[in-house]
Amino acid sequence: MIGVCAVLVAGAACARSEGPAMSPARAAAPGPDLLLRAITSERLTAHLAALAAIADHNGGTREAGTRGYQQSVAYVAGQLRRAGYRPRLQSFSFNRFRETRPARFQRLAPAAKRYRSGRDFVTMRYSGGGDVTARVASVEPTSASSACEPSAFSGFPRGAVALVRRGTCFMFLKARNARAAGASAVLIANEGGPGRAAPVLGTLVRPGIGIPVLGVSASLGGELARSAQAGSVRVRIAVSAVTRRARGASVLADLPGRGGAILVGAHLDSVAIGPGINDNGSGSALVLEIARQARRLGLRPRHGLRFAFWGAEELGPVGSSAYVQSLSAQQRTQLRAVLNFDMVGSPNFGRFVYDGDKGPSGSKRIEDLFRAYFAAHGQAVEEVSLEGSSDHAPFARAGIPVGGLFTGADARKEPGLARRFGGGANRPYDACYHQACDTLSNVNVRILGQMADAAAFAALRLAS
């Protein structure tokens with residue numbers, strides 16, 4: 001299947017013939033059971049393989065603004081068109097960050113050492129450019145809340161490179177506080193431990209930080225912190241990067257109904273340094289296959305189903321925010337619920353349901369539907385906070401009921417949850433989160449199938 005899907009870089013379809021569509025009357029009567037049986041691990045895997053092949057042909061990435069992303073859009077739109085939809089692209093503008101030369105990072109003293117991009121450090125999205133030679137000054141290097149407050153920089157030597165630790169608050173806030181204290185550059189060290197040892201790739205939300213910002217591995221962060229405490233350690237950091245306005249697109253398609261619609265969505269883009277097959281090829285495959293099979297079976301729920309594949313989520317929920325902003329007040333009221341699926345095939349998975357208690361009115365009903373489905377199938381679940389920057393967030397801010405599923409990122413699975421879900425305790429749910437190893441082999445297709453069935457069940461119940 002991978003060999004066939006490799007041609008999809010031109011947007012051709014990769015669907016096999018699945019026989020004639022059933023009549024609407026026959027398909028609609030049994031409810032979601034037919035749809036759940038039609039969604040197979042083979043079809044989900046075929047979509048993942050197609051997206052992986054696209055990344056392989058485009059430098060290992062499907063990042064927004066790249067050819068890899070454009071071809072991902074073409075693949076999804078082609079699959080929808082073949083299924084009988086009339087997909088439409090919603091264009092939006094965004095800030096595209098691009099390094100014009102590879103970043104350089106080296107220690108000059110007490111002994112010269114050159115660090116490797118990808119292994120030791122990565123450039124944060126929307127980092128400023130510059131060529132800096134300065135001493136390193138640690139800021140609360142053992143605290144999870146390192147640099148979260150301006151007061152942490154009391155006595156910070158102006159012009160130094162700030163070494164801070166990941167955790168507690170957003171990374172852009174740490175970088176902003178460092179710049180305000182006079183830092184010439186910022187190093188954000190990962191926390192250490194399983195899944196949090198590699199250089200942390202993050203976004204500074206928007207351009208304007210003005211100084212170089214690198215994510216560094218936990219081991220390098222520890223090494224620099226010890227050297228800084230023992231005496232003066234000097235480094236050179238050179239980042240050459242530009243941020244320009246660019247155009248992107250989300251893909252939308254409708255299964256018509258009456259009296260509003262249920263939106264089922266996932267983001268389609270990856271990070272710059274990886275193919276993004278769990279994050280979020282898994283969610284994209286789930287939404288795409290629900291859409292395909294619902295159309296093939298001729299399902300006609302009372303309310304419409306709208307399928308969405310968002311662009312530039314890895315830069316913030318850019319595509320989904322543009323969509324919400326494009327809606328009139330009346331159009332927003334016609335969205336009865338929004339279901340979001342972001343990372344639903346994690347190898348060391350948990351089954352997490354969005355916490356509806358903290359969402360807009362109607363969100364608790366969505367959580368209850370998911371819980372009822374999993375309970376009926378004897379599958380354990382836990383809730384996960386609605387906080388975060390995935391594509392449910394702009395809808396929640398607009399007062400639209402939201403819900404969704406998640407199987408975990410780079411946080412470590414607690415022993416109690418390992419007993420409930422299986423898998424390894426004190427290991428990350430997805431050790432390849434935001435890394436080049438987030439490939440086809442990184443996806444647990446069994447849990448992806450479970451998530452797809454639960455998603456199809458909830459979507460049809462809400463639309464009935």
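Here, each number is a calculation from the coordinates, and none is a lab measurement. Keep in mind that what you see is a predicted model, and the values were worked out from it rather than measured. With ideal geometry, Cβ positions are generated from the backbone for all residues, glycine too; neighbour counts draw on all protein chains shown.
What the table shows:
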read-out	value
Lysine pair count for the chain [Cα-Cα under 29 Å; pairs on different chains or 8 or more apart]	5
Phi-based couplings in Hz for segment 89-96 (Karplus 6.51, -1.76, 1.60; Gly and Pro marked x)	9, 9, 7, 8, 9, 8, 8, 9
Relative contact order (percent, whole number), the chain, Cα cutoff 8 Å, 6+ residue spacing	19 percent
Unit Cα scatterers, Debye sum, the chain: log10 I(q)/I(0) for q = 0.08 Å⁻¹	-0.47
Net charge contributed by nearby residues that have their C-beta within less than 9 Å of LEU405 (K/R +1, D/E -1)	0
Most to least packed among 229-239, 179-189 [average Cβ atoms within 10 Å]	179-189, 229-239
Cβ-based net charge around ALA55, under 10 Å, with every Lys or Arg adding one and every Asp or Glu removing one	-2
Phi to ³J(HN,Hα) by Karplus 6.51 cos²θ - 1.76 cosθ + 1.60 over segment 376-387, Hz, x for Gly, Pro	5, 9, x, 10, 5, 9, 10, 9, 10, 4, 6, 5
Calculated diffusion of segment 168-323, Stokes-Einstein form, Kirkwood radius summed over Cα pairs, 37 °C and 0.692 mPa s, µm²/s	173 µm²/s
For segment 447-464, Karplus couplings with θ = phi - 60° (6.51, -1.76, 1.60), whole Hz, Gly/Pro x	5, 4, x, 5, 5, 5, 5, 5, 5, 5, 4, 5, 4, 6, 4, 5, 8, 7
Packing-based order for 249-257, 273-281, 161-169, using average beta carbon neighbours within 10 Å, highest first	273-281, 161-169, 249-257
Other-chain or far-sequence residues with amide H under 5 Å of VAL353's (modelled H)	GLU382, GLU383, VAL384
R0 of 60 Å, Cβ-Cβ distance LYS358-ARG82: FRET efficiency to nearest 0.05	0.95
Net +/- balance of residues flanking ALA77 in space, Cβ distance below 12 Å, scoring K and R +1, D and E -1	+4
Built amide H within the under 5 Å cut-off of ALA109, gap 5+	ARG234
Helical contribution to [θ] at 222 nm, DSSP H n ≥ 4, -39,500 (n - 2.57), averaged over the chain, rounded to 500	-9000 deg cm²/dmol
Cut-off under 5 Å, modelled amide H: who pairs with ALA272 long-range	none
Segment GLU99-SER385, length gained on full extension (0.36 nm per residue, minus Cα span)	99.6 nm
For segment 111-232, alpha-carbon Rg over 2.2 N^0.38 Å	0.94
Among 372-385, 286-299, the order from most to least packed when residues are scored by Cβ within 10 Å on average	286-299, 372-385
